[in-house]
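Colleague: One structure, pasted below without further comment.
What follows draws every value from the coordinates through simple rules; no lab data is involved. No experiment lies behind these values; they were computed from the predicted model shown. With ideal geometry, Cβ positions are generated from the backbone for all residues, glycine too; neighbour counts draw on all protein chains shown.
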Amino acid sequence: MSLLLILTIVLPLAASLLIMVGANPRRTSLGAAVINLGLALTLFCRYDRAAGGWQFLSEWKVLPKLGINMTLGADGLTLVMILLATLVTVSALWVAPKVEKYDGLYHVSLLFISAGVIGAFASLDVLFLYSFHELALIPTFLMIGIWGTGDRQAAAWKATIYLGLGSFILLIGLIALYISIPSANRTLDLRELDRLHQAGVFHPSALIYVLLLVGFGSLVSLFPFHSWAPGAYACAPAPTAMLHAGVLKKFGLYGLIRIALPLFPEAMHDLNGLLLLLIIGNLLYIGYVTVSQKRLDWTIGYSSVMHMGYIFLGLASLNLLGVSAASLLMFAHGLSVAAAFALCGEIRRRTGTLEYSELGGLAKVAPVLALLFGFAAMASVGLPGFANFAGEVLVFFGAVAAGPLMILPVIVAVWGVVISAIYMLRAYRWTFWGPISQRWEGVSDIGSGAKWSVILLLLPLMIAGFYPQLILKMVGTALPH
């Protein structure tokens, strides 16, 4: 039994309990998050890459006769995702403002999102992988509806409906997968599922893969199941947008890597043309929609949706290079979009608006805020030196190596980099440069806490950008060669 891995899930829940009985919400939640980051780094460093495979295992019998047990474990990909989750959690709680209404519930909700997503990444049993994700979704809806801005109620309900339907379709697919296994061998353990498939004991149908793709794709905002995401992120409190767009949304991609890639290789190959059409929708259609936005929060929200296309392109390559690149890009995008939403929240807090027509010239009064946003924007665009660049370049290489079917999507993806540069540079110019309105002349620069919380995200982005092997070697232990 690995106590460290268990603690990464239990600690946020324990901190939530302390807050419920009267502990200081901010100090308790941030303290637990910092300790959790330390645990994640310890697990990351202790992982034996030479041995590879699943390590730090713990198991509790739940329904052994049905092959359902709560099993926790981690390989290289899991640890990269847990590291991402703990980094974003610390940053999100660090920038979280003092709220007048239900301050304790605010921090408890953030901790539940963090615990849920870490539990999902660490679960080897498909049922608990799904259940932990649902645990994280509920507080997300609450935070948008209670503490959001703008048309928050509509955004919360739309996200609830879309994600609820996506989760329901996913659940049907997982049940169908379970039923497709011969009764004598039924299990939901990822390791056993892979072993049984390799041994030819069962061959799940392509229809199950379609259900999983639609279910996971809805959670990831794959085109055309994406329209819930930009509005939800624009209306959500900044810490919620950071955790959902940066971490929780990666659950769908993680699920496809864990379940679809090993169990449905033939179906993925046969239906790859359909997936590529959806990827082009993410890259091209959503890209142009992002260019047309007139608010900073909506620009970042649509940008987050668009960049899912690059990660899906890596998965669609169906080779080690492409999937490794997609995993690196999951880590990079999670950090960069979380940093962008954190800074977006700081701008909203100081000006009360994110309309491009009302902003401008903020670099004159908030130079550090402008500098940090410039770093986040350049990371999103894929500037060399950031992990986003390494991930995108490797996605292109993996896609090209997959064959002629990928030529058009790769061309679209390269053009998508140009589109990204257009809307991010436009956002940066309209927010921070040009003449400054008289009412912004008294705006203060970013505070010390918020500054360091963003640096906490940008620093590993640059470390992984200059040395991407740090992440690639870890995720490589989890992927079939």
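Colleague: Could you tell me which of rounded, prolate or oblate describes the stretch 106-167, using a ≥ b ≥ c as the square roots of the eigenvalues of the alpha-carbon gyration tensor, with rounded for a/c under 1.5 and, failing that, prolate when a/b is larger than b/c and oblate otherwise?
Modeller: oblate
Colleague: Express in nm, to one decimal, how much length is gained between ASP48 and LEU371 on full extension, taking 0.36 nm for each residue of separation and deducting their alpha carbon distance.
Modeller: 112.4 nm
Colleague: Which whole-number percent gives the relative contact order of the chain, counting Cα pairs below 8 Å spaced six or more residues apart?
Modeller: 16 percent.
Colleague: A further question on this structure: Explain nothing, just compute: Karplus ³J(HN,Hα) = 6.51 cos²θ - 1.76 cosθ + 1.60, θ = phi - 60°, for every residue of the stretch 284-300 in order, whole Hz, x for Gly and Pro.
Modeller: 8, 4, 5, x, 5, 4, 5, 4, 7, 5, 10, 10, 5, 5, 5, 4, 5
Colleague: Helix 367-381 versus the longest principal axis of the chain: what is the Cα-based angle in degrees, 0 to 90, to the nearest 10?
Modeller: The answer is roughly 30 degrees.
Colleague: Report the label-to-label distance for GLU355 and LEU271 in nanometres (one decimal), using points 7 Å from each Cα along the Cα→Cβ vector.
Modeller: Calculated label separation equals 4.4 nm.
Colleague: May I pose another question? Can you put SER292, SER167 in order, fewest other beta carbons within 10 Å first?
Modeller: Arranged by neighbour count, lowest to highest, SER292, SER167 become SER292, SER167.
Colleague: What order do you get for LYS101, LYS158 when you list them from fewest to most C-beta neighbours inside 10 Å?
Modeller: Placing the least packed residue first, the sequence is LYS101, LYS158.
Colleague: Continuing with the same structure: How would you rank ARG49, ARG186, going from fewest to most other Cβ atoms within 10 Å of each one's own Cβ?
Modeller: ARG49, ARG186
Colleague: Something else now. Run the helix sum for the chain: -39,500 (n - 2.57) per DSSP H stretch of 4+ residues, divided by residue count, reported at 222 nm to the nearest 500 deg cm²/dmol.
Modeller: The per-residue figure over the chain is -23000 deg cm²/dmol.
Colleague: If you average the sequence gap of Cα pairs under 8 Å that are 6 or more apart and divide by the length of the stretch 365-467, what percent do you get for the contact order?
Modeller: Relative contact order, the stretch 365-467: 53 percent.
Colleague: Identify which of the listed values of Cα extents along the principal axes in Å was calculated from the structure shown: (i) 57, 50, 44; (ii) 74, 58, 42; (iii) 103, 48, 46.
Modeller: (ii)
Colleague: Under a cut-off of 29 Å between alpha-carbon atoms, report the lysines in cross-link reach of LYS364, not counting same-chain residues fewer than 8 places apart.
Modeller: LYS98, LYS294, LYS451
Colleague: Rounded to the nearest 0.05, what FRET efficiency do LEU425 and LEU470 give with R0 = 25 Å and r taken as the Cβ-Cβ distance? Could you check?
Modeller: So the FRET efficiency works out to roughly 0.30.
Colleague: Taking the stretch 271-481 on its own, what percent of its Cα-Cα pair distances exceed 33 Å?
Modeller: Result for the distance tail: 18 percent.
Colleague: Between LYS101 and LEU320, take the C-beta separation as r, use R0 = 41 Å, and let me know the FRET efficiency to the nearest 0.05.
Modeller: 0.25
Colleague: Let me ask you something else. Please work out how much length the chain gains when fully extended from LEU383 to VAL418, using 0.36 nm per residue of separation minus the C-alpha to C-alpha distance, in nm with one decimal.
Modeller: Answer, rounded to one decimal: 11.4 nm.
Colleague: Here's another thing I want to ask about it. What longest range of the chain stays clear of loop-exposed GluC sites (Glu not before Pro) (DSSP non-H/G/I/E/B, at most 15 other C-beta within 10 angstrom)?
Modeller: 101-357
Colleague: Rank LEU283, TYR102, LEU328 by how far each Cα sits towards the positive end of the charge dipole of the chain (+1 on Lys, Arg Cβ; -1 on Asp, Glu Cβ) and give me just the farthest.
Modeller: Sorting the options by dipole projection puts first TYR102.
Colleague: On to the next question. Would you work out if the stretch 27-150 is rounded, prolate or oblate? Take a ≥ b ≥ c from the square roots of the eigenvalues of the alpha-carbon gyration tensor; rounded if a/c is under 1.5, else prolate when a/b is larger than b/c, oblate otherwise.
Modeller: It is oblate, given that a/c is not under 1.5 and a/b is not larger than b/c.
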